[in-house]
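The values are calculated or read from the model by the stated rules, or taken from the named source; none is laboratory data. If you're wondering where the values come from, they're calculated on a predicted model, not measured in any experiment. Don't worry about glycine lacking a Cβ; one is built from the backbone with ideal geometry, like all the others, and counts go over all protein chains shown. Each accessible area value is taken on the protein alone, full model and side chains, heavy atoms only, with ligands, DNA and RNA left out. Shrake-Rupley method; radii C 1.70, N 1.55, O 1.52, S 1.80 Å.
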Amino acid sequence: MSPDPAIIERTGWLRAELARHEHAYYVLDAPTIPDAEYDRLYRELEDIETTWPELASPDSPTRRVGGKPLAQFRAVRHRVPMLSIRTETDTEESGAFAFDARVRRELGFDESDPAVEYAAELKFDGLAMSLRYEHGVLVQAATRGDGETGEDVTANVRTVRAIPLRLPGDAPPVLEVRGEIYMRRDDFDTLNASQMAAGEKVFVNPRNAAAGSIRQLDPGIAARRPLRFFAYGLGEVDGWDLPATHAGVLDALAAHGLPVCEHRAVLVGAAGLAQFHTRMGALRASLAFDIDGVVYKVNALALQRQLGFVTREPRWAVAHKYPAQEAVTRLRGIEVQVGRTGAVTPVARLEPIFVGGVTVTNATLHNQDEIDRKDVRIGDWVVVRRAGDVIPEIVGPVVDRREHDLPRFDLLASLPLRDGLPACPVCGSHVVRGEDEAVARCTGGLYCPAQRKQALLHFAGRRAMDIEGLGDKLVEQLVDAAIVKTPVDIYRLGILALANLERMGEKSAQNLLAAIDSSRNTTLSRFIFALGIRNVGEATARDLALHFGSLDAVMAADADRLQQVPDVGPVVAKCIVDFFAEAHNREVIEQLRAAGVRWEEGAPAPIAAGAHAGKTFVLTGTLPTMTRDEAKALIESHGGKVAGSVSKKTDYVVAGADAGSKLAKAESLGIDIIDEAGLLALLDRGD
Ligand code: IVH
């Protein structure tokens, strides 16, 4: 039995439809249907092809991956050689003028002749590929090789979904498309992460990843590599009316469904080229893929023929480079820096190297995991990358150049010791790294100079000690002038020291002193929050205060006891234990007490006793940070009541996300509606 005409028609429709969506997704970057819908159409086509094997066709979207691993690649002789382009190494705009001058000279032009028209495009950093379409069907893909003979990588290239297996509409008998196979940076990062997770080799850069993927003998592996393609020219062509210009060729290729990069232009004269070079240079860092320059081509094909070739390079094209974003240099050492949040980060000290337009001597290594993942060791030759204004980073070591075995770097072991434990190189407080944390941190949050400004700003913040007027400008000045080192110093400030600061008259100095003075009387939860213990936000500080009732009890609690507090798990508990274990922090707390800072302590007594006595609250929807039980406990601890439904007796409705009928009812009754922040403010104020 053979398939009826409706099935045959459906098969053709499904193939065209799937190809259209692939084009929209991979070429136009504008998906036309949801993934699930695409998958449904794909499965339908697969089912038909299984039921009716006679309908199978090599250009079907279901046949991108197929075939067995090869023993080796077959050699392919290019019918039109694959040339290379001359490179203009002068990365300044004079490079564009030099090329234009050369072209004009070769054409025998003098000043009276018109400006030459050029097509300008990007120079993609991938690998050259020749795609051969016969009557619209992709029949062969070959690498450049030596330009005369390349390798047949058709099975791998068929897996690249930006490359059509069949050109829609009318296609010439022979159309060879030349272009670049490349990998986007985001896809490269994802690929490397999964290679890492699978214990497989990681790639140094997208170009190596693309080249390595194309050279896979198993197309099944190539299929899992996120490769892309941009067309930039032609090889052998038969039965096609050539457009008159290179720009016209690219437009025609795009119209045939081939991916052509949108960043191209037709320009006139050297100044136009120079502008393009500058414009694309500014865009470079934000592109999804790497480029190493731009390419200028004489636009008129007739002029191209007139200009011809020198050895293997056309006279009508040039690559105008940008400063390299990557370079190789030696890793002299790894030093440790302490950031504003106490993060202890390794910084690479490099043999100075010119990369990305500047001389780089330092690069970030992020954290220990990153060092382990990249396996960089002091003494290695390393690839350094600087894209745009981005901080330089170490891409990885050039392992082949490691002359002898070098020891691995251990961040914690490189730190100075205090009581036999790793200590902060800035302040000597202990450094710890949580089990699930990538980053090691200094625990001397209240004391460490590296964390000073951040810690002081947090301490004085509105939800913490609430010292009005002590903002970032002032903290900046006080710390830079070494007037304030720890929070205690705030309480020792005098009118003289303050009045001498920039933009601070006697009146504002007095106001600030008054604000500082009134902050001396606070609540336990505010005080705990003000300490800036890592992972202890306002809600946790409040829970700790309610649960323990006194600071001494919190400080004495071990991790187990801390975990009895709602929402305190092992990570938060460890942060609290580490913080109070640090003698420097305890000292600062003692000094704060001595400086007259007081907080209300005692059992979970209502903090603003009676202020909300008898007030009825109704909770509805999901609050951003509190569970319903927590909110209820909090309201009750302030003397309020929580009811299940809204009535005329309700005082406040606390509404979160997706609040429903209770909210509507509250609105209709004119009851005060507040959100979580409003609730906290209300309870804090005690009004
Ligand atoms: S045209 C006859 N255009 O650069 C000119 N090449 O040496 C043939 N490349 O590896 C090349 N972007 O793969 C041309 N927009 C572009 C290009 C480009 C990258 C690569 C090409 C080859 C090298 C040329």
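What the table shows:
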| item | result |
| --- | --- |
| Scan of the stretch 117-134 for residues that are of a type in the set (Phe, Trp, Tyr) and more than 14 Å from the ligand (Cβ to nearest atom), ordered by number | 133 |
| Residue, surrounded by the fewest Cβ atoms within 10 Å (Cβ to Cβ), within the stretch 237-273, restricted to residues that are within 14 Å of the ligand (Cβ to nearest atom) and not aliphatic (A, V, I, L, M) | 262 |
| Sole exception among (1) within 15 Å of the ligand (Cβ to nearest atom); (2) surrounded by fewer than 17 Cβ atoms within 10 Å (Cβ to Cβ); (3) part of a strand (DSSP E or B) for residue 305, by number | (3) |
| Number of the condition not met by residue 111 [criteria: (1) modelled with pLDDT of 95 or more; (2) acidic (Asp, Glu); (3) part of a loop (DSSP other than H, G, I, E, B)] | (1) |
| Subset of the stretch 377-407 (residues that are in a loop (DSSP other than H, G, I, E, B) and open to solvent by 90 Å² or more (accessible area, probe 1.4 Å)) | 389, 391, 403, 404, 405, 407 |
| Residue in the stretch 496-528 that is nearest to residue 599 (Cα to Cα), counting only those that are in a helix (DSSP H, G or I) and among the β-branched types (Val, Ile, Thr) | 528 |
| Exclusive hit being without any contact (Cβ under 8 Å) to a residue 12 or more places away in the chain, surrounded by fewer than 19 Cβ atoms within 10 Å (Cβ to Cβ) and more than 16 Å from the ligand (Cβ to nearest atom), set 146, 152, 110 | 110 |
| Test: residue in the stretch 361-379 that is over 29 Å from residue 432 (Cα atoms) and hydrophobic (A, V, I, L, M, F, W, C) | no |
| Some residue of the stretch 12-26 being assigned to a loop (DSSP other than H, G, I, E, B) and under 25 Å from residue 251 (Cβ atoms) | no |
| Boolean, residue 325 is in contact with a Phe, Trp or Tyr (Cβ under 6 Å, 6 or more places away or on another chain) and within 16 Å of the ligand (Cβ to nearest atom) | no |
| Residue among 74, 166, 105, 79 that alone is within 16 Å of the ligand (Cβ to nearest atom), open to solvent by 60 Å² or more (accessible area, probe 1.4 Å) and either over 35 Å from the mean Cα position of the chain (by Cα) or under 30 Å from residue 276 (Cβ atoms) (or both) | 79 |
| Cβ-Cβ under 6 Å pairs, at least 6 apart or on other chains, the stretch 281-297 side within 16 Å of residue 180 (Cα to Cα) and more than 10 Å from the ligand (Cβ to nearest atom), far side open to solvent by less than 20 Å² (accessible area, probe 1.4 Å) and part of a helix (DSSP H, G or I) | 290/206 |
| Residue 670 being at pLDDT 85 or above and within 37 Å of the chain's Cα centre (by Cα) | no |
| Residue 485 of a type in the set (Lys, Arg) and more than 30 Å from residue 601 (Cβ to Cβ) | no |
| Neighbours by Cβ (under 8 Å, 6+ apart or cross-chain): first from the stretch 566-589, surrounded by 18 or more Cβ atoms within 10 Å (Cβ to Cβ) and in a helix (DSSP H, G or I); second of a type in the set (Lys, Arg) and at pLDDT 95 or above | 580/586 |
| Residues satisfying the stated conditions in the stretch 133-149, i.e. within 37 Å of the chain's Cα centre (by Cα) and within 22 Å of residue 240 (Cβ to Cβ) | 138, 140, 141, 142 |
| When residues of the stretch 408-422 are limited to those that are free of Cβ contacts under 8 Å to residues at least 60 places away in the same chain and among the aliphatic types (A, V, I, L, M), the one surrounded by the fewest Cβ atoms within 10 Å (Cβ to Cβ) | 413 |
| Complete set of residues in the stretch 308-327 that are of a type in the set (A, V, I, L, M, F, W, C), open to solvent by 10 Å² or more (accessible area, probe 1.4 Å) and at pLDDT 95 or above | 316 |
| Residue in the stretch 335-354 that is farthest from the ligand (Cβ to nearest atom), counting only those that are surrounded by fewer than 18 Cβ atoms within 10 Å (Cβ to Cβ) and closer than 23 Å to residue 402 by Cα | 335 |
| Output for the stretch 644-687, where each listed residue is assigned to a strand (DSSP E or B), loosely packed, with under 15 Cβ neighbours inside 10 Å and in contact (Cβ under 8 Å) with a residue 24 or more places away in the chain | 657 |
| Residue within the stretch 118-133 that is basic (Lys, Arg) and open to solvent by less than 20 Å² (accessible area, probe 1.4 Å) present | yes |
| Which numbered condition residue 36 misses (of (1) of a type in the set (A, V, I, L, M, F, W, C); (2) under 19 Å from residue 223 (Cβ atoms); (3) free of Cβ contacts under 8 Å to residues at least 40 places away in the same chain) | (2) |
| Failed item in (1) more than 16 Å from residue 134 (Cβ to Cβ); (2) at pLDDT below 95; (3) open to solvent by 10 Å² or more (accessible area, probe 1.4 Å); (4) not small (Gly, Ala, Ser), with residue 219 passing the rest | (3) |
| Which numbered condition residue 315 fails, given (1) touching a strand residue (DSSP E or B) at 6+ places or on another chain (Cβ under 7 Å); (2) of a type in the set (Lys, Arg); (3) away from the ligand (no atom under 12 Å from the Cβ); (4) farther than 20 Å from residue 93 by Cβ | (3) |
| Members of the stretch 82-102 found to be open to solvent by 20 Å² or more (accessible area, probe 1.4 Å) and among the aliphatic types (A, V, I, L, M), listed by number | 83, 85, 98, 101 |
| Where a residue in the stretch 11-33 is free of Cβ contacts under 8 Å to residues at least 12 places away in the same chain and its partner, wherever it lies, is open to solvent by less than 80 Å² (accessible area, probe 1.4 Å) and in a helix (DSSP H, G or I), with Cβ under 7 Å and at least six apart | 30/24; 31/24 |
| Scan of the stretch 38-70 for residues that are in contact with a Leu (Cβ under 7 Å, 6 or more places away or on another chain), surrounded by fewer than 16 Cβ atoms within 10 Å (Cβ to Cβ) and in a loop (DSSP other than H, G, I, E, B), ordered by number | 69, 70 |
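A quick yes/no check of all residues on (1) touching a helix residue (DSSP H, G or I) at 6+ places or on another chain (Cβ under 8 Å); (2) in contact (Cβ under 8 Å) with a residue 40 or more places away in the chain; (3) within 16 Å of the ligand (Cβ to nearest atom); (4) open to solvent by less than 40 Å² (accessible area, probe 1.4 Å):
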{"residue": "136", "(1), (2), (3), (4)": "no, no, no, yes"}
{"residue": "174", "(1), (2), (3), (4)": "no, yes, no, yes"}
{"residue": "182", "(1), (2), (3), (4)": "yes, yes, yes, yes"}
{"residue": "196", "(1), (2), (3), (4)": "yes, yes, no, no"}
{"residue": "199", "(1), (2), (3), (4)": "no, no, no, no"}
